[in-house]
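For reference, the structure discussed in these notes is given below.
The values are calculated or read from the model by the stated rules, or taken from the named source; none is laboratory data. Keep in mind the model is a prediction, meaning the values are calculated, not measured. Here Cβ is always computed from backbone atoms with ideal geometry, including for glycine, and neighbour counts include all displayed protein chains. Each accessible area value is taken on the protein alone, full model and side chains, heavy atoms only, with ligands, DNA and RNA left out. Shrake-Rupley method; radii C 1.70, N 1.55, O 1.52, S 1.80 Å.
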Amino acid sequence: MTRTITILGATGSVGASTLDLVRRNRDMFRVVALTANGNAAMLGELAREFGAEVAVVADEGCLPALREALSGSGIEAAGGAAAVVDAAARGADITMAAIVGCAGLAPTMAAIECGKAVALANKEALVSAGEVMTAAVKRTGATLLPVDSEHNAIFQCLAGNDPAHVHAITLTASGGPFREWEMERIHRATPAEAVKHPTWSMGAKISVDSATMMNKGLEFIEAYHLFPVGVERLRIVIHPQSIVHSMVEYRDGSTLAQLGPSDMRVPIASALAWPARMNTPCAPLDLAAIGSLSFFKPDEERFPATRVAREAVIAGGAAPAVLNAANEIAVAAFLAGQIAFTRIVQSAEDVLARGVPRPPVTLEEVIAVDREARIRAAEMMETVS
Ligand code: NAD
Ligand code: MG
C-alpha cells in the first residue's frame, strides 16, 4: 500500500535519512511536500527526484531561486513561514516533523490538526508546547510517533504493555564529546569541538545540545509529555556506546531495552512503518564484536543542563518554552563565537530565573512566550558579553 508523506526539514540530517529510506522503498511512499529553510537548490533537486507536489522554503527571499530550480517540472513552489504551515496542513498520511527548533512548532501542529500520523523528530516543538501539543493529539486522534532514538526505543519497549505497570523509564545519553573533559577545558571548548559527536552524525544545533547535555534535558521534557509516568519515574544514565537506546522497567523487575546501531535510519524506519517494519541498509548489531557496554551516573556538576531541564518541567507552565528559547539563542551565539561554551546553559538558567509568564494554553500563546524569551535571552547576552 502506498502512503503519502510530507517531510518538514527535508534538507537537514533527519530529512536526509528519511529521504534515504523513501528512496530505498519507493513503492511504499508518494511525496506530497518537502520543505527547507533556505537551501533552494538542494530542495529543488530533491523535489524533482521524489516527484513532490510542492516544495517550500521558509525564507521567502529564497523563493525566486526555488522557482528557478523547479522551472518546467510542474512542481509547485512556495515561500514563507505560513507556506510551510500550509504544506504541513495538506494532511499527508504521515508527516515527518524534522525542522530544528521552535520554528517547527506551527507546521508540526498543523500536521497534528489533520489527525493523521506525525513522526516527531523536532523535540523543541514538543518541549515548548507541551500540553498544548498533547491535547491537540488527543483531540484530533493523530498518531504521534517518536523519532528521537531514545523515545522511539521507549515507544517500542512500551508496546503491548500496560503503562500502569511501569516502574521507571531510563533515557540513555552518550555523554557527548566532552564527557571526560576537565571543567576548565570544557569552558574553553570551541564550536568545532562541540559539533564533533562521538557516536552520532547530526545537525549543528543538536550536536551542541549533546555536548552541553541540554539535548538530554530537552529529551527528559519530551519523555515527560510522550510517556506520562511522572517526573519521579524518569531517569537518565550515561551510556557512551549509544547501543542501548533507552529502557523501560516494569514493576515485576523486568527491564525492556531497545538496542541498535547508532544510525537514525533505524528509529525513523520504525516510525515510518509502524506498526509494521521496513527494510533499512543498517545491519543488526554484532554484540560479540562490540564486546562490552558501559553505564555511568550523570555528573550534573560538570553538566548542569539536565538539572535545569528537570527543574523547568517540575515548574511547568511556560518554563520549558522559556528554557528552550533561551537555549536556542545561546547555542546560536556560541556557534557564532560570541559566548563561551559554559555560558550556554548558564544563560538559559539566568533567563528562567528572571521569571516565567503565565502558562500558555493556545499555540499562539506558546509562540508569544517563545518570542519574548528569545528577546530577553538576546538582551541578557548583550549585557554579559
Ligand atoms: P538540521 O539542522 O540538520 O536540519 C534542520 C532542517 O530544518 C533543515 O531542513 C532546515 O532547512 C530546516 N529549518 C531550519 N530552520 C528553519 C526555519 N526557521 N523554518 C523552517 N525550516 C527550518 O537538523 P537535524 O539534525 O536534522 O535535526 C532536526 C530535528 O530533529 C531537531 O529538532 C533535532 O533535535 C531532532 N533530532 C535530530 C537527530 C539527528 O540525528 N540529527 C536525532 C534526534 C532528534
Ligand atoms: Mg535523542
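Somewhere in the stretch 224-243, is a residue modelled with pLDDT of 95 or more, crowded, with 20+ Cβ neighbours inside 10 Å and away from ligand 2 (no atom under 16 Å from the Cβ)?
No, the stretch 224-243 contains no residue that is modelled with pLDDT of 95 or more, crowded, with 20+ Cβ neighbours inside 10 Å and away from ligand 2 (no atom under 16 Å from the Cβ).
Which condition from (1) touching a Phe, Trp or Tyr at 6+ places or on another chain (Cβ under 9 Å); (2) without any contact (Cβ under 8 Å) to a residue 40 or more places away in the chain; (3) crowded, with 21+ Cβ neighbours inside 10 Å is the one that ARG23 breaks?
(3)
Given the conditions (1) within 16 Å of ligand 1 (Cβ to nearest atom); (2) buried (at least 20 other Cβ atoms within 10 Å of the Cβ), report the number of the one that CYS282 does not fulfil.
Unmet for CYS282, out of (1) within 16 Å of ligand 1 (Cβ to nearest atom); (2) buried (at least 20 other Cβ atoms within 10 Å of the Cβ): (2).
Can you give me the ranges of the helices (runs of 4 or more DSSP H) entirely in the stretch 160-218 with at least 1 residues that are within 12 Å of ligand 2 (Cβ to nearest atom)? Break it down stepwise before answering.
On the way: elements: 183-187, 191-194, 204-212.
Correct list: 204-212.
Listed residues MET109, MET96; which is over 17 Å from GLY130 (Cα atoms), in contact (Cβ under 8 Å) with a residue 40 or more places away in the chain and not charged (D, E, K, R)?
Sole residue among the options that is over 17 Å from GLY130 (Cα atoms), in contact (Cβ under 8 Å) with a residue 40 or more places away in the chain and not charged (D, E, K, R): MET96.
For residues that are among the small types (Gly, Ala, Ser), buried (at least 17 other Cβ atoms within 10 Å of the Cβ) and near ligand 1 (Cβ under 10 Å from one of its atoms), tally how many sit in the stretch 204-223. Show your work before the answer.
Step one: filter the stretch 204-223 for residues among the small types (Gly, Ala, Ser), giving 204, 207, 210-211, 217, 223.
Imposing the further condition that a residue be buried (at least 17 other Cβ atoms within 10 Å of the Cβ) reduces the set to 207, 210-211, 217, 223.
From what is left, the residues that are near ligand 1 (Cβ under 10 Å from one of its atoms) are 207, 210.
Matching residues across the stretch 204-223 total 2.
For the stretch 33-48, which positions are in contact with a helix residue (DSSP H, G or I) (Cβ under 8 Å, 6 or more places away or on another chain) and either buried (at least 21 other Cβ atoms within 10 Å of the Cβ) or part of a helix (DSSP H, G or I) (or both)?
Answer for the stretch 33-48, where residues must be in contact with a helix residue (DSSP H, G or I) (Cβ under 8 Å, 6 or more places away or on another chain) and either buried (at least 21 other Cβ atoms within 10 Å of the Cβ) or part of a helix (DSSP H, G or I) (or both): ALA33, LEU34, THR35, ALA36, ALA40, ALA41, LEU43, GLY44, GLU45, LEU46, ALA47, ARG48.
Within the stretch 78-93, take every residue that is small (Gly, Ala, Ser) and open to solvent by 30 Å² or more (accessible area, probe 1.4 Å) and give me the one that is farthest from ALA40 (Cα to Cα).
So the first thing to find is which residues in the stretch 78-93 are small (Gly, Ala, Ser), and the list is 78-83, 87-89, 91-92.
With open to solvent by 30 Å² or more (accessible area, probe 1.4 Å) added as a condition, the list becomes 81-82, 89.
On the way: ALA81: 15, ALA82: 17, ALA89: 21 Å.
Only one residue fits best here, namely ALA89.
Counting only residues that are touching a Ser or Thr at 6+ places or on another chain (Cβ under 7 Å) and hydrophobic (A, V, I, L, M, F, W, C), which one in the stretch 121-147 is nearest to ligand 1 (Cβ to nearest atom)? Before you say what the answer is, go through the steps one by one.
Restricting attention to the stretch 121-147, the residues satisfying the condition of being touching a Ser or Thr at 6+ places or on another chain (Cβ under 7 Å) are 122, 125, 132.
From what is left, the residues that are hydrophobic (A, V, I, L, M, F, W, C) are 125, 132.
On the way: ALA125: 8, VAL132: 17 Å.
Ranking the candidates gives ALA125 first.
Looking only at the stretch 96-152, filter to residues that are β-branched (Val, Ile, Thr), part of a helix (DSSP H, G or I) and in contact with a strand residue (DSSP E or B) (Cβ under 6 Å, 6 or more places away or on another chain); which one of those is nearest to LEU218 (Cα to Cα)?
The residue in question is THR108.
Within the stretch 148-198, can you find the residues that are hydrophobic (A, V, I, L, M, F, W, C), within 16 Å of ligand 1 (Cβ to nearest atom), open to solvent by 10 Å² or more (accessible area, probe 1.4 Å) and in contact with a Phe, Trp or Tyr (Cβ under 9 Å, 6 or more places away or on another chain)?
Step one: filter the stretch 148-198 for residues hydrophobic (A, V, I, L, M, F, W, C), giving 153-155, 157-159, 164, 166, 168-169, 171, 173, 178, 181, 183, 186, 189, 192, 194-195.
Right, trim to within 16 Å of ligand 1 (Cβ to nearest atom) and you get 153-155, 171, 173, 194-195.
Adding the requirement that they be open to solvent by 10 Å² or more (accessible area, probe 1.4 Å) leaves 155, 195.
Across the stretch 148-198, the qualifying residue is only PHE155.
When you look at LEU120, is it within 13 Å of ligand 2 (Cβ to nearest atom), in the same structural domain as THR18 (by TED's automatic domain parsing), within 12 Å of the chain's Cα centre (by Cα) and not acidic (Asp, Glu), yes or no? Give the derivation first.
Numbers: within 13 Å of ligand 2 (Cβ to nearest atom): yes; in the same structural domain as THR18 (by TED's automatic domain parsing): yes; within 12 Å of the chain's Cα centre (by Cα): yes; not acidic (Asp, Glu): yes.
Criteria met by LEU120.
Find all pairs meeting these conditions: Cβ atoms under 6 angstrom apart; at least six residues apart or on different chains; first residue within the stretch 141-156 and within 14 Å of ligand 2 (Cβ to nearest atom); second residue in a loop (DSSP other than H, G, I, E, B) and among the small types (Gly, Ala, Ser).
Qualifying pairs under 6 Å: VAL147/ALA121.
For the list (1) assigned to a helix (DSSP H, G or I); (2) open to solvent by less than 10 Å² (accessible area, probe 1.4 Å); (3) among the aliphatic types (A, V, I, L, M), I need the number of the one condition that ALA52 fails.
ALA52 satisfies every listed condition except (1).
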